[in-house]
1. Which condition breaks for Thr285 when tested against (1) farther than 23 Å from Ala74 by Cβ; (2) under 20 Å from the mean Cα position of the chain (by Cα)?
2. Might you let me know whether the range 203-226 holds any residue that is of a type in the set (D, E, K, R) and in contact (Cβ under 8 Å) with a residue 60 or more places away in the chain?
3. Residue by residue through the range 254-291, note down the ones that are out of contact with any Ser or Thr (no Cβ under 6 Å at 6 or more places or on another chain), over 18 Å from Gly71 (Cβ atoms) and outside any loop (DSSP other than H, G, I, E, B).
4. With within 30 Å of Glu44 (Cα to Cα), within 19 Å of the chain's Cα centre (by Cα) and in contact (Cβ under 8 Å) with a residue 12 or more places away in the chain as the only criterion, which of Ser303, Ser272 stands out?
5. Hey, any hits in the range 51-66 for a residue that's open to solvent by 30 Å² or more (accessible area, probe 1.4 Å) and among the acidic types (Asp, Glu)?
6. For the range 117-227, please list each of the strands (runs of 3 or more DSSP E) lying entirely inside it that holds at least 2 residues being within 24 Å of Ser92 (Cβ to Cβ) and open to solvent by 20 Å² or more (accessible area, probe 1.4 Å).
7. If I ask for residues that are in a loop (DSSP other than H, G, I, E, B) and touching a residue at least 12 places away in the same chain (Cβ under 8 Å), which ones from the range 228-242 would you list?
8. Counting only residues that are polar (S, T, N, Q) and open to solvent by 50 Å² or more (accessible area, probe 1.4 Å), how many does the range 249-266 have?
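The values are calculated or read from the model by the stated rules, or taken from the named source; none is laboratory data. Since the structure is predicted, the reported quantities are computational estimates derived from the model, not experimental observations. Ideal geometry is used to build each Cβ from the backbone, glycine not excepted, and the neighbour counts take in all protein chains shown. Heavy atoms of the whole protein, side chains included, go into the accessibility calculation; ligands, DNA and RNA do not. Shrake-Rupley method; radii C 1.70, N 1.55, O 1.52, S 1.80 Å.
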Amino acid sequence: MCTAVYTGRLFGRTLDLEYSLDEEIVLTPRKFPLEFLHVPRTSEHYAIIGMAHVSGSTPLYYDGINEAGVGMAALNFPGFAKYHKRRDEGYSVASYELIPWILGQCESVDAAEKLLTGATVTDESFSLSMPSTPLHWMIADRHRAITVESTEEGTRIYRNEVGVMTNSPPFPYHMTNLAEHMHLDAKNPVNSLCPDIQLSPYSRGLGAVGLPGDWSSSSRFVRAVFALSHTEGAGSDDEKISRFFHITDTVSVPDGCIITDEGKRVQTVYTSCGDLFDGRYYYTTYGCRRITGVGMREFELNSDRLVRLKMNRREDILQ
């Protein structure tokens, strides 16, 4: 359960789960060695900041941005993700390695797309206690975004012109499904039902009647596209960041509104927002709605040591 949003400058996501893995803000500086199963070790790379679970000394990124202005997020893709065995030709990268592999070396979506074309996402798990998760990915820079899916047919790359991604089914389904909602509008509707009869809107917002309100992946996709398409994008940097979180608020999950088959309560654990222009990473958590920002350039980027920052998880209410 996740939703990713891209505005051209800002890129981030919600993480909606029934548990937390003690994720934290992690800065991987340029000289922290990146180890991979099937591709060469990288001893120097672009700095990366984002949300990760650190296992041992390895950051397992959920999402992040690099200093070159590229962002990437992994979202749940159950029932459709298919990982494959290592191949002799092209690149083979384990699913949990894909974010640092891309963000560590790519200065643009073009560069990422070139790397991923023909690449194989392999089926290895990080450990016995952390099996591979069915995922797909959204990658964005200051100019465009793509969706990457590894399915039975192999690695597929799609242009993401709407700036939104959710979960299963595959991305082409969500784009087709948008056509069922193309009549939605922020303005009051025109009476095309019976134009010879005078009908007056009894409320504002009637143009959006039929906008899905549930938390299914297809409904969140439509709702996020609607919010992104109809909110004002101008203003100061702070206003743009605030707008981003207002958009993601339309798809965030209040605790208990989704119950798993095992009886566990789902909530939006955190929401992130990376500024692809200045390398700042913003977030809120379920327990703290205050927007907190961390700039990667506030730290020594030529270091070889991870920077790990605990998140604010308790509400900060101004009395």
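1. Failed condition: (1).
2. Initially, the range 203-226 is screened for residues of a type in the set (D, E, K, R), giving 204, 214, 220, 223.
From the residues that got through so far, the ones that are in contact (Cβ under 8 Å) with a residue 60 or more places away in the chain too are 220.
The answer is yes, given that some residue of the range 203-226 is of a type in the set (D, E, K, R) and in contact (Cβ under 8 Å) with a residue 60 or more places away in the chain.
3. Ile258, Ile259, Arg265, Val266, Gln267, Thr285
4. Values: Ser303 fails: within 19 Å of the chain's Cα centre (by Cα).
Checking each option against the conditions leaves just Ser272.
5. No - not one qualifying residue is present in the range 51-66.
6. Working: elements: 120-122, 135-140, 145-151, 154-159.
Ranges flagged: 154-159.
7. Within the range 228-242, the first condition is being in a loop (DSSP other than H, G, I, E, B), and the residues that meet it are 231-236.
Within the range 228-242, Thr231, Gly233 meet the criteria.
8. Step one: filter the range 249-266 for residues polar (S, T, N, Q), giving 250, 252, 260.
From what is left, the residues that are open to solvent by 50 Å² or more (accessible area, probe 1.4 Å) are 250.
The total comes to 1.
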